[in-house]
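So the structure is just underneath, and the comments pick up after that.
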Amino acid sequence: MKKRYWFSALMAVVLTGIVTVQSGATPQTELNLTTLSKIHMRLDVPPGQAKMDKNAVLEQIKTKYADATSESKQVKIEYQLVTNPDFTAFTTSALEKNPELKAKGYMEKFPVYIVTFKGIHEEGHVPLNYKGQTPIHTEMSIVVDAQTGEELMGFSH
Amino acid sequence: MRFKISTLAVMGVLSLFVAQSASANAFVGGYDDCYPSATDSGVTSIFANIKTPSTYPVVGSNSGSSAWVMITGNDSHTIYAQVGWEKSYGISSKQNNAGDGVHYFYEINYGGSADNDIKVFNPVGPDQGVTHAYRLYNDGKGNFVGTEDGAQIGSYSAFKGTGVTFAEELNGTNQWAAAYPGSASSPAVFDSLRYFFNGTTYYSPGLFWVNNAYGGSDRTNYKYGVDGSSSYIKFWDTRY
């Protein structure tokens, strides 16, 4: 009787997870989804735990971008599924360590960590006779393969 | 396909550009001097080989060096897409253990406000002294796709090709140290410059703009050269 109860509870959890993913539930994120959509990037709710340790990845990126770490008011990390058909310029190392990524060539519901430095100052490249305001980027995000720890791409705005 | 050889001469220096930022820039010639007009339509692609110098420039706080190609989408140039390489303080100097810290990037602006600019970048960039091919093109579905050696970095679909034009630039913000790419012994090089407009390929190497960080025309620290082929130009910072 007790075993049946636990089996039912487990199935309920699994089914809830499947329904959540398939129903296109909005992921919990502090990133600006509207901004991401302009570069054709989409987030989805990840189904389970990442292979790589969250804190290890966070420390890896904070160490690599040490100046950003000291400049930022906050450094956040999120575990997400990313879809971005626009980016195929991965490093050889990133492709070799993840056969799925190598085969697909781009990220489609791909499990990643996104480390975001908030409060940086970065100016965009303005062209000749530009008549707008100087573009200031205040957030910079680094996308990391949650299965291998390899850095994949970054974006700022 | 008819090939038209553009013979844009050096047109001097203007000083009105710097109001929004203390940047020093040198622009390679573009269609219609980079000004779109009502009759402009269908600039569908821009292509350039860009050779990085053998030693990357030193950049300081709020400084940077870059080389990129661009297509704009309106008169005020507040809508555009760019692809190229950069070494900027904002990102690359933060990559303390990433070697040279240079990276490829694709950047868009969608309206000219301070927060209307988004940049996508790689964790790596070109090696020193190596030539890579950069291209922006309309994929026929309304997307301006940016590639580096054929690998896509980004695309943007919120503006149409009608009225677009292009520019290429090397810049250095605040003229820090060797802010410009290139030195006398190892200039930064653009070659195979070309863009596609209404079914015609145009080559346009003429340098038509250089300004210093304060809007002046001082080119003391910046030189350029063009060979006779009209599709080639090189730049260097004379201090190095």
**Report entry** Residues of the range B:66-87 satisfying the condition of being more than 7 Å from chain A (Cβ to nearest Cβ) and either modelled with pLDDT under 75 or under 25 Å from B:TYR56 (Cβ atoms) (or both)
**Finding:** B:ALA67, B:VAL69, B:ASP75, B:ALA81, B:VAL83, B:GLY84, B:TRP85, B:GLU86, B:LYS87
Query raised in the report: What are the pairs, 6+ residues apart or on separate chains, where a residue within the range A:64-83 that is touching a residue at least 40 places away in the same chain (Cβ under 8 Å) has its Cβ under 6 Å from a residue that is outside any helix (DSSP H, G or I) and of a type in the set (Lys, Arg)?
Result: A:SER72/A:LYS118; A:LYS73/A:LYS118; A:GLN74/A:LYS118; A:LEU81/A:LYS109; A:THR83/A:ARG42; A:THR83/A:LYS109
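Just one of A:GLN147, A:GLN133 is touching a Ser or Thr at 6+ places or on another chain (Cβ under 6 Å) and farther than 22 Å from B:SER155 by Cα; which is it? If you could, list the steps in order and put the result at the bottom.
Details: A:GLN147 fails: touching a Ser or Thr at 6+ places or on another chain (Cβ under 6 Å).
The conditions single out A:GLN133.
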Query - Conditions (1) assigned to a helix (DSSP H, G or I); (2) modelled with pLDDT of 80 or more; (3) open to solvent by 30 Å² or more (accessible area, probe 1.4 Å): number failed by A:VAL57 - result: (3)
**Report entry** Residue satisfying all of: in the range A:142-157; in a loop (DSSP other than H, G, I, E, B) and not small (Gly, Ala, Ser); most open to solvent (accessible area, probe 1.4 Å) among these
**Finding:** A:GLN147
Requested in this report: With the checklist (1) of a type in the set (D, E, K, R); (2) facing chain B (nearest Cβ under 7 Å); (3) part of a strand (DSSP E or B) in hand, flag the one item A:GLU139 doesn't pass.
Outcome: (2)
Requested in this report: Please enumerate the residues belonging to the range A:119-157 that are touching a Lys or Arg at 6+ places or on another chain (Cβ under 8 Å), farther than 21 Å from A:GLU59 by Cα and among the small types (Gly, Ala, Ser).
Outcome: A:GLY124
Query - Boolean, A:LYS62 is surrounded by fewer than 19 Cβ atoms within 10 Å (Cβ to Cβ) and assigned to a helix (DSSP H, G or I) - result: yes
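The values are calculated or read from the model by the stated rules, or taken from the named source; none is laboratory data. Note that this is a predicted model, so its numbers are computed, not measured. Here Cβ is always computed from backbone atoms with ideal geometry, including for glycine, and neighbour counts include all displayed protein chains. For the accessible areas, the whole protein counts, side chains as well, though only heavy atoms, and no ligand, DNA or RNA atoms are used. Shrake-Rupley method; radii C 1.70, N 1.55, O 1.52, S 1.80 Å.
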